[in-house]
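Reviewing the structure listed below.
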Amino acid sequence: MAAAPPRWHARGRWPRHHLTIEYGDDVLLSVGLSAEQFAQEAKFLLAARLYELGRLTAGQAAGLAAIGRVEFFGRLAAVGVNMVNLRPEDADDEIRFGLEVTGSLGLLLRARTLGLIPAVRPLIERAVAAGVGYDAELIRRVLASVGE
């Protein structure tokens with residue numbers, strides 16, 4: 001039997017839950033972290049993976065990791081997770097229906113549309129070279145939407 005979904009608390013907050021993971025000192029020695037550092041790292045990695053899978057928003061993931069959104073975004077590249085979590089099929093829908101594509105690619109598209117920049121491709125290439133991770137198919141679709 002499936003567990004009942006959590007209920008909204010009468011005071012306007014979701015109830016808080018706890019997760020316990022058992023591990024030995026050998027794990028701490030292997031990763032070279034204190035127990036507190038390991039707990040923080042484990043929370044961040046779980047949050048980053050759930051964000052990457054689209055199961056949590058950036059705000060929810062940052063809350064789970066107990067850090068701010070800016071710090072959350074800043075740490076994603078170090079664990080191989082793209083900061084922009086927009087799937088190519090979502091971008092197509094947003095472009096087709098005239099909705100704004102959010103994030104850095106959305107800003108570049110808007111700047112191109114307003115004539116503030118002559119091309120998007122060179123700026124995307126510079127961002128990728130600097131370590132910003134975008135889905136290749138998303139880049140292709142964004143560039144196609146502005147004829148590049």
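Read-outs: derived from the displayed coordinates by stated rules, not from any lab. All values reported here derive from a predicted model rather than from experimental measurement. Every residue, glycine as well, gets a Cβ built from its backbone with ideal geometry; the counts of neighbours run over all protein chains shown.
The HN-Hα couplings worked out from phi for the range 39-52 by the Karplus form 6.51 cos²θ - 1.76 cosθ + 1.60 (θ = phi - 60°) are 4, 5, 5, 5, 4, 5, 5, 5, 4, 4, 5, 5, 5, 4 Hz, whole numbers, x standing for Gly and Pro. Positive-end ranking of VAL81, GLN37, THR57 along the dipole of the range 29-81, with charges on Cβ about the Cα centre, is headed by THR57. Put simply, when 15-23, 135-143 are sorted by average Cβ atoms within 10 angstrom per residue, most first, you get 135-143, 15-23.
Over every Cα atom in the range 25-79, the radius of gyration and the widest Cα-Cα span, Dmax, amount to 11.7, 33 Å. Note on the range 65-82 and the range 36-52: Cα centroid distance 9 Å, given to the nearest whole angstrom. The magnitude of the dipole of the range 25-79, with charges of +1 and -1 set on the Cβ of Lys/Arg and Asp/Glu and taken from the Cα centre, is near 340 debye.
Annotation: peptides 69-76, 125-132, ranked by per-residue average of other Cβ atoms within 10 Å with the highest first, follow the order 69-76, 125-132.
Working note: Karplus 6.51/-1.76/1.60 with θ = phi - 60° gives the range 23-38 the couplings 7, x, 4, 4, 5, 4, 5, 5, 8, x, 10, 6, 4, 5, 4, 5 Hz, where Gly and Pro are set to x.
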